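Working notes, structure below.
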């Protein structure tokens, strides 16, 4: 019975909701993450949403010239079926990178992040 209880707690802990993200309107700390810095809100998404993979992807795309040269990046994830698509644009709707995600269990249907000066943040933290 104890195992079932801990599994239920784990499931509840990982259930990320959009309402929880409203609390992030700035950051107290920058968290180094593979060449970029994550705000408190992004770290919360990574942990609670089990979404470190999103930030792995964002960090890895910073090595591509067309992405790196953009001083302001908008990263947008949208769920499609059991997978999704993540795109990066220049803030004016011009897509500079895009990747199909074949499968994800990310709990939100969509989410958006800004990256500027090597800092990845929730839109509410900008």
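In the list 66, 78, which residue meets the criterion of being modelled with pLDDT of 95 or more, touching a strand residue (DSSP E or B) at 6+ places or on another chain (Cβ under 9 Å), farther than 21 Å from residue 27 by Cβ and assigned to a helix (DSSP H, G or I)? Quick ask: steps written out before the conclusion?
Details: 78 fails: assigned to a helix (DSSP H, G or I).
Of 66, 78, the one residue that is modelled with pLDDT of 95 or more, touching a strand residue (DSSP E or B) at 6+ places or on another chain (Cβ under 9 Å), farther than 21 Å from residue 27 by Cβ and assigned to a helix (DSSP H, G or I) is 66.
Residues of the stretch 50-60 being surrounded by 21 or more Cβ atoms within 10 Å (Cβ to Cβ) and in contact with a helix residue (DSSP H, G or I) (Cβ under 7 Å, 6 or more places away or on another chain), which ones? Before the answer, list the steps.
Looking only at the stretch 50-60, we keep the residues that are surrounded by 21 or more Cβ atoms within 10 Å (Cβ to Cβ), and these are 51, 54-55, 58.
Across the stretch 50-60, the qualifying residues are 51, 55.
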**Asked** Limited to the stretch 88-97, what total is found for residues that are in a loop (DSSP other than H, G, I, E, B) and surrounded by 16 or more Cβ atoms within 10 Å (Cβ to Cβ)?
**Response** 1
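Can you spot a residue in the stretch 98-112 that is in a loop (DSSP other than H, G, I, E, B), free of Cβ contacts under 8 Å to residues at least 24 places away in the same chain and closer than 24 Å to residue 24 by Cα? Don't jump to the end; show me each part of the working.
Step one: list which residues in the stretch 98-112 are in a loop (DSSP other than H, G, I, E, B), which gives 102-109.
Within this subset, residues satisfying the condition of being free of Cβ contacts under 8 Å to residues at least 24 places away in the same chain are 102-103.
Right, trim to closer than 24 Å to residue 24 by Cα and you get none.
Within the stretch 98-112 (the criterion being in a loop (DSSP other than H, G, I, E, B), free of Cβ contacts under 8 Å to residues at least 24 places away in the same chain and closer than 24 Å to residue 24 by Cα), the answer is no, since none of the residues qualifies.
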**Request:** Under 7 Å between Cβ atoms, at least 6 apart or on separate chains: pull out the pairs that start in the stretch 50-68 with a residue that is on the phi > 0 side of the Ramachandran plot and in contact (Cβ under 8 Å) with a residue 12 or more places away in the chain and end on any residue that is part of a helix (DSSP H, G or I) and surrounded by 13 or more Cβ atoms within 10 Å (Cβ to Cβ).
**Result:** 50/14
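The values are calculated or read from the model by the stated rules, or taken from the named source; none is laboratory data. Please read all numbers here as calculations on a predicted model, not as lab measurements. Reconstructed Cβ throughout: ideal geometry from the backbone, glycine too, with neighbour counts over all protein chains shown.
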